[in-house]
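Student: Quick one: this structure, given as structure tokens, is what I'll be asking you about.
The values are calculated or read from the model by the stated rules, or taken from the named source; none is laboratory data. It should be emphasised that the depicted structure is a prediction, and the values quoted were computed from it without experimental measurement. Positions of Cβ are backbone-derived with ideal geometry, glycine not excepted, and every protein chain shown enters the neighbour counts.
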Amino acid sequence: MFRMLVVLAAGWLRQSDVLVVECLREENRVLRAQLAPARLRFSDAQRRRLAVRAHALGRRLLKEVATVVTPDTLLRWYRELVAKKYDGSLKRGRGRPQTKADLAQLVLRMAQENPTWGYTRLQGALDQLGHDLGRSTVQRILVDAGVEPAPERGKHGAWAAFLRAHVGQVAAMDFFSVEVVTAVGLVRYSVLFVIDVTTRRVEVAGIARDFGQAWVKNALRGLLDPVDGFLKHARYLIHDRDPLFGAEVSTLLRRGGVTPLRLPSKSPNLNAFAERFVGSIRRECLNRVIPLGEGHLRLLIREYMAHYHLERPHQGLGNRGLAFERLKPANDHARGCPVGSVRCRERLGGLLNYYHREAA
């Protein structure tokens with residue numbers, strides 16, 4: 001009798017649960033119909049609770065009871081919940097540390113100064129300095145900086161490296177023009193000059209109104225004199241692609257023991273020393289005076305060249321003058337002992353000034 005009562009009670013309870021579930025399912029359908037146009041948003045806590053309950057039911061029962069979200073979505077939330085529990089990415093470090101900035105700069109410097117060194121050669125040089133870098137790390141540093149590999153980098157030798165390797169043997173030649181006021185109006189004069197790249201000394205080879213390649217050759221003959229010519233120690237002469245520096249001029253230079261280096265087109269920076277001098281003489285002298293005839297022009301250039309060689313400081317020489325550079329030890333002592341009155345030496349009516357101390 002007792003068992004029958006238990007069975008009846010259990011059946012009644014089960015029937016009650018079924019009715020409750022059916023009522024809740026119908027309520028969910030009604031609510032979902034009301035919210036159909038809008039997308040439901042769930043918090044992380046809501047997703048977690050639904051995912052745990054969904055996993056306990058399984059896919060078959062979920063298809064019967066799930067009305068808010070699909071069974072696949074509920075199970076995906078559960079897999080993400082399990083994966084997050086065992087996710088150790090937040091506990092891991094950043095991985096391999098980056099190369100220090102100063103060490104990367106050293107790699108780039110060595111690659112630029114030695115265009116024929118490959119990755120392995122650079123790695124060996126760094127190892128000698130106590131830096132343990134892998135070959136792939138050296139490669140990555142150069143690739144990130146846009147530096148070409150050694151076979152390509154070595155084909156294009158650095159112009160600065162060429163100049164350093166031939167210190168005291170490289171000169172540069174160029175023209176600059178000046179408009180001169182004459183009795184017949186403005187007349188253009190051209191000035192041919194040569195500059196020693198190392199010492200910054202400049203020699204004005206000639207000033208002329210109308211000249212051609214023959215005049216240029218005649219001017220260069222004096223510069224190539226083996227006894228006192230300006231180019232007697234030079235092995236290379238840089239010049240642009242001016243037609244006046246043609247084949248005849250190149251032949252004359254080679255006979256005098258000087259190799260002409262004709263610059264490629266559209267490369268003004270390769271003759272920067274000569275162009276810097278032109279900028280200086282224009283800015284400091286010629287652009288501030290109206291040349292009145294050829295004689296006046298020659299006087300202007302002669303006075304500026306005296307100022308340039310004897311008085312003017314040069315940034316390329318540590319802001320020293322050419323005359324001071326030849327007497328560097330004595331001059332250093334004089335600079336450390338400011339004794340005597342300061343005097344000003346004027347040239348061209350005060351256009352060019354030089355300040356010095358009288359001897360004590």
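Student: Give the residue that is surrounded by the most Cβ atoms within 10 Å (Cβ to Cβ), with candidates limited to residues of region 251-278 that are at pLDDT 90 or above and either in contact with a Pro (Cβ under 6 Å, 6 or more places away or on another chain) or aromatic (F, W, Y) (or both).
Tutor: Selected residue: L253.
Condition check ((1) exposed (fewer than 14 other Cβ atoms within 10 Å of the Cβ); (2) modelled with pLDDT under 90; (3) not small (G, A, S)) across all residues:
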| residue | (1), (2), (3) |
| --- | --- |
| S136 | yes, yes, no |
| A150 | no, yes, no |
| A165 | yes, yes, no |
| F176 | no, no, yes |
| V197 | no, yes, yes |
| V202 | no, no, yes |
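Student: Out of the residues in region 245-302 that are hydroxyl-bearing (S, T, Y) and assigned to a helix (DSSP H, G or I), which is farthest from Y189 (Cα to Cα)?
Tutor: In the first step, residues of region 245-302 are kept if they are hydroxyl-bearing (S, T, Y); the result is 250-251, 259, 265, 267, 280.
Keeping just the survivors that are assigned to a helix (DSSP H, G or I) gives 250-251, 280.
Details: S250: 24, T251: 26, S280: 18 Å.
Applying the filter and picking the extreme gives T251.
Student: Which one of the conditions (1) in a helix (DSSP H, G or I); (2) surrounded by fewer than 17 Cβ atoms within 10 Å (Cβ to Cβ); (3) touching a Leu at 6+ places or on another chain (Cβ under 7 Å) does R241 fail to meet, given that it meets all the rest?
Tutor: (1)
Student: Could you tell me how many of the residues in region 323-345 are at pLDDT 75 or above and surrounded by 11 or more Cβ atoms within 10 Å (Cβ to Cβ)?
Tutor: 1
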